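J.: The structure's right below; bear with me while I get my questions together.
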Amino acid sequence: MGFVSVFAIWGAWALSRQKTKKNFIRSLPVILIALFLVFFLLDNISFTHNIINRFTSTSGDDYNAINGRLFWWDTYFGDFNVSDFLTGFGLDNLPDGVYFTGFMKLLYCYGLIGTTLLLLFLGMLIIKADIFVKVCTSLYTGLLFFADLTYYHNLIFYIGVYLALYIFNKERVNIAGTLKA
């Protein structure tokens, strides 16, 4: 997942640097060849096969990583009353021995209200920020549905960096506009 994230960020940055359509078309074969090589190399590594097997194979209880991350919501949230669902149970008040994805953990700990506020903030960054912050925020938001990136220090770091980049780029645009006038 880390390789894919790094290549997606680099690819978005490289594509954002293309000034003309001609340059974009010229760089597209290089990007496609690089993607093919990466997937070919990853396919020849046994570790990659173990990861894919973990996600797709089923054991005797018909459970795999995809099922646990996407389809077991009723197991964890079935007994919630309305107030628990709205407000959550607080930071890291999780049941023992249960794996939550980031989104499920947000919903369980912060409730619908806290999760909605965080996702609205991330959505605002995706809509209003420059391309680098958009890509990073989109990757972070997407990874919330498959991985656990919601530890408190991670939230502060990632959201702080994205917000700082957004504010810095906004101020840079304001300064450039002031200097031209």
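J.: Give the stretch 74-109 a look and list any residue that's within 15 Å of ASP148 (Cα to Cα) and of a type in the set (Phe, Trp, Tyr), or say none.
T.: TYR99, PHE100, PHE103, TYR108 - these are the residues of the stretch 74-109 that are within 15 Å of ASP148 (Cα to Cα) and of a type in the set (Phe, Trp, Tyr).
J.: At least 2 residues that are surrounded by 16 or more Cβ atoms within 10 Å (Cβ to Cβ) in each: list the helices (runs of 4 or more DSSP H) lying fully within the stretch 74-145 that qualify. Break it down stepwise before answering.
T.: Details: elements: 82-87, 102-128, 131-143.
By residue number, 102-128, 131-143.
J.: Still on this structure: Scan the stretch 29-39 and tell me whether some residue there is surrounded by 12 or more Cβ atoms within 10 Å (Cβ to Cβ), assigned to a helix (DSSP H, G or I), at pLDDT below 75 and not assigned by TED's automatic domain parsing to the domain that holds CYS109.
T.: No, the conditions are met nowhere in the stretch 29-39.
The values are calculated or read from the model by the stated rules, or taken from the named source; none is laboratory data. Since this is a predicted model, take the numbers as computed values, not measurements. Heads up, the Cβs are rebuilt from the backbone with ideal geometry, glycines too, and the neighbour counts pull from every protein chain shown.
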